[in-house]
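Here the structure is laid out as structure tokens; the discussion comes afterwards.
We did not get these values from a lab; they are worked out from the coordinates using the rules stated. Model, not experiment: these values are computed from the prediction. Glycine also receives a Cβ, built like all others from the backbone with ideal geometry; neighbour counts cover every protein chain displayed.
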Amino acid sequence: MKGYFISIEGGDGSGKSTQLKKIEEYLSQMGQEVVLTREPGGTPVAEKIRELILDPRNRALTARAEMLLYAACRAQHVEEKILPALAAGKTVLSDRFTDSSIAYQGFGRGLGAMVAEVNGIATGGLEPDLTIFLNITPAKGMARKKREDGHTLDRLELEKAAFHERVYEGYLALAKESGGRIAVIDADRVAEEVFADIQKKLDELFGFSPCI
Ligand code: TYD
């Protein structure tokens, strides 16, 4: 009995953390054992790689090196944490997965198709059963984020608007080609409305009947 693997994607100010909590709560309520994890990170070694990648002082990091570090981080995460949890029948809920690399490194940095190839090696071909993409334009997302207090920007967040626009377009293109795996959810609404749409996708995947 293999568990389901769900990832969630979305840019700054998309409300990703709020929706992650809601998804976790809902699935737990429905009797699933949920392993909540994140990328880059999720295991001690992967969290170390995360620090290196996101450190604003590492301005010299090249696009290819960055892509490979994200992939190395993911390889560790998949083998050490995700696969064992799925094999034990648990639901794995990951804050970001390979789609982030394709959007940020592939489209944002312009590395293109090699990103999917490298990630195929990193993950051994593992793909989420369902990916939730919280759809909000980078401009609206940034405006939301700026309203949050005391947030300091990491290396990726300091990128220019054009970079974030390419990332955003990348996600939309990926969703189109995903054969329904990536659900595009309008995130420019109150959290409850956004979650109602996500819940429908979860109900479909798990086969929960709406009248329970
Ligand atoms: P994080 O603090 O987790 O941000 P967020 O709340 O946006 O998820 O930082 C992760 C950053 O790394 C984020 O800007 C997206 C970026 N990223 C990539 O560029 N490629 C990847 O493969 C992943 C997983 C994240």
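Some points to look at:
- Dipole check for region 113-164: with +1 at the C-beta of Lys and Arg, -1 at the C-beta of Asp and Glu, and the Cα centre as origin, the magnitude is about 420 Debye.
- Asp188 sits among other residues whose Cβ lies under 15 Å from its own Cβ, and their net charge, with Lys and Arg +1 and Asp and Glu -1, is +1.
- Along the axis of the charge dipole computed for region 19-65 (Cβ charges of +1 for Lys and Arg, -1 for Asp and Glu, origin at the Cα centre), the listed residues Asn58, Gly41, Tyr26 are led at the positive end by Asn58.
- Shape category assigned to region 119-170 from the gyration tensor of Cα positions, a/c cut at 1.5: prolate
- A Cβ-based charge dipole, computed about the Cα centre of the chain with Lys and Arg at +1 and Asp and Glu at -1, lands at about 420 debye.
- Around Phe5: net Lys/Arg minus Asp/Glu count, Cβ-Cβ under 12 Å: +2
- Placing +1 on each Lys and Arg Cβ and -1 on each Asp and Glu Cβ, with no other charges, gives region 76-151 a dipole about its Cα centre of roughly 480 debye.
- Shape class of the chain from the alpha-carbon gyration tensor: oblate, with a/c at 1.5 or above and b/c at least as large as a/b.
- Calculated [222 nm] ellipticity per residue, helices only, for the chain: -14500 deg cm²/dmol; basis is -39500 (n - 2.57) per DSSP H run with n ≥ 4, divided by all residues, nearest 500.
- With a threshold of 21 Å on the Cα-Cα distance, the over-threshold entries among Lys146/Lys200; Lys48/Lys145; Lys48/Lys81; Lys81/Lys176; Lys2/Lys48; Lys21/Lys90 are Lys146/Lys200; Lys48/Lys145; Lys81/Lys176; Lys2/Lys48.
- For region 15-70, alpha-carbon Rg and Dmax in angstrom: 15.4, 47
- Panel order for Leu158, Leu172, by other beta carbons found within 10 Å of each beta carbon, from fewest to most: Leu158, Leu172.
- Mean Cβ neighbour count within 10 Å, used as a protection proxy, ranking 41-48, 100-107, 140-147, 128-135 highest first: 100-107, 128-135, 41-48, 140-147
- Radius 12 Å from Cβ of Gly112, net charge of other residues (Lys, Arg +1; Asp, Glu -1): +2
- Comparing Thr123, Phe5, Leu134 along the charge dipole axis of region 1-153, the residue lying farthest to the positive side is Leu134, per the Cβ-charge model.
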